[in-house]
Amino acid sequence: MSQPRTAIVTGAARGIGAAVAKRLARDGFAVAVIDLNEASCADTVAAIEAEGGKALAVGADVSDSAQVEAAVTKVAEELGTPTVLVNNAGILRDNLLFKMTDDDWDLVMNVHLRGSFLMTRAVQKHQTEQKYGRIVNLSSTSALGNRGQANYATAKAGLQGFTKTLAIELGKFGVTANAIAPGFIETEMTAATAERMGVSFEDFKKGAASMIPVGRIGHPDDIAATASFLCSEEAGFVSGQVIYVAGGPKD
Ligand code: NAP
């Protein structure tokens, strides 16, 4: 029997989230495009609809429990029972430890960790009722440690523990959980990092590519292709894994 095909992608207004949302729509999912501001989801929704797909823009801060509950209820009512969840929303507040503020720490923990927890807790109700589900969490190669990212590295490592625990708890309900840990991907996030470091984005990308075994930087579609597989029915025996998508080995 085929499963309900409604997917939720957070932080899907742009970057990796937008690419994942468009790819899942091409795979036949109705896609809820969640981002902080509903209006910012318009481009992703329009791109999906232009290809004949179905999408719904939903504004929600993933770190706010009430907004998450309301968003997931809206998706279930207006788009269909969500069985696929991609926790992608993310922010950076980079700084060396001695300069990192309480807010830098709390904001990053709240969006990545609390956000993924709240979204997953709300969606698993639907997945366990359906006895089917796919969860993909966006980790990062920074989980292995990265200068200036004590907050982000901790959150991305935490997401790996979260993913493995979800796999253990939810497996018997037909739900798999995996993490994708991207390396350098060309998005506004990496463009902002270049700007903060006072380097042109072109030079920053060239420098990154020179250190990557496959000789290029990554693109959002590289992550979307991996998410597509992990969200497919045929990936049902892959669970609790962290897949490094970084153009070379990382751990
Ligand atoms: P991006 O271009 O900055 O996009 C992130 C999206 O998340 C933005 O649309 C942002 O909305 C949204 N967002 C932020 N806080 C949110 C919240 N509280 N609730 C809902 N949405 C929120 O980033 P990206 O490069 O595509 O990265 C996507 C994910 O991959 C992140 O988890 C990131 O940590 C991870 N990642 C990226 C790379 C990379 O090289 N790019 C590498 C490893 C991992 P606003 O625009 O309104 O802020």
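The values are calculated or read from the model by the stated rules, or taken from the named source; none is laboratory data. Since this is a predicted model, take the numbers as computed values, not measurements. Don't worry about glycine lacking a Cβ; one is built from the backbone with ideal geometry, like all the others, and counts go over all protein chains shown.
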Inset, instruction - Would you mention how many residues in the stretch 3-48 are in contact (Cβ under 8 Å) with a residue 24 or more places away in the chain and away from the ligand (no atom under 14 Å from the Cβ)? - result: 14
Legend entry - Test for LYS172: is it among the basic types (Lys, Arg), under 24 Å from ALA18 (Cα atoms) and either more than 9 Å from the ligand (Cβ to nearest atom) or surrounded by fewer than 23 Cβ atoms within 10 Å (Cβ to Cβ) (or both): no
Legend entry - Complete set of residues in the stretch 104-140 that are part of a helix (DSSP H, G or I) and of a type in the set (Gly, Ala, Ser): GLY115, SER116, ALA122
Inset, instruction - State yes or no: is ALA143 within 15 Å of the chain's Cα centre (by Cα), part of a helix (DSSP H, G or I) and small (Gly, Ala, Ser)? - result: yes
Legend entry - Some residue of the stretch 228-237 being closer than 23 Å to HIS112 by Cβ, touching a residue at least 12 places away in the same chain (Cβ under 8 Å) and crowded, with 20+ Cβ neighbours inside 10 Å: yes
Inset, instruction - Considering each of LYS74, LYS131 in turn, give the residue that is more than 12 Å from the ligand (Cβ to nearest atom), among the basic types (Lys, Arg) and either modelled with pLDDT under 95 or on the phi > 0 side of the Ramachandran plot (or both). - result: LYS131
Inset, instruction - Could you tell me which numbered condition ILE180 fails, if it satisfies all but one of (1) within 10 Å of the ligand (Cβ to nearest atom); (2) closer than 29 Å to ASP102 by Cβ; (3) buried (at least 17 other Cβ atoms within 10 Å of the Cβ)? - result: (2)
Inset, instruction - Starting from residues that are surrounded by 19 or more Cβ atoms within 10 Å (Cβ to Cβ) and hydrophobic (A, V, I, L, M, F, W, C), keep the ones in the stretch 155-169 and report whichever is farthest from the ligand (Cβ to nearest atom). - result: ALA167
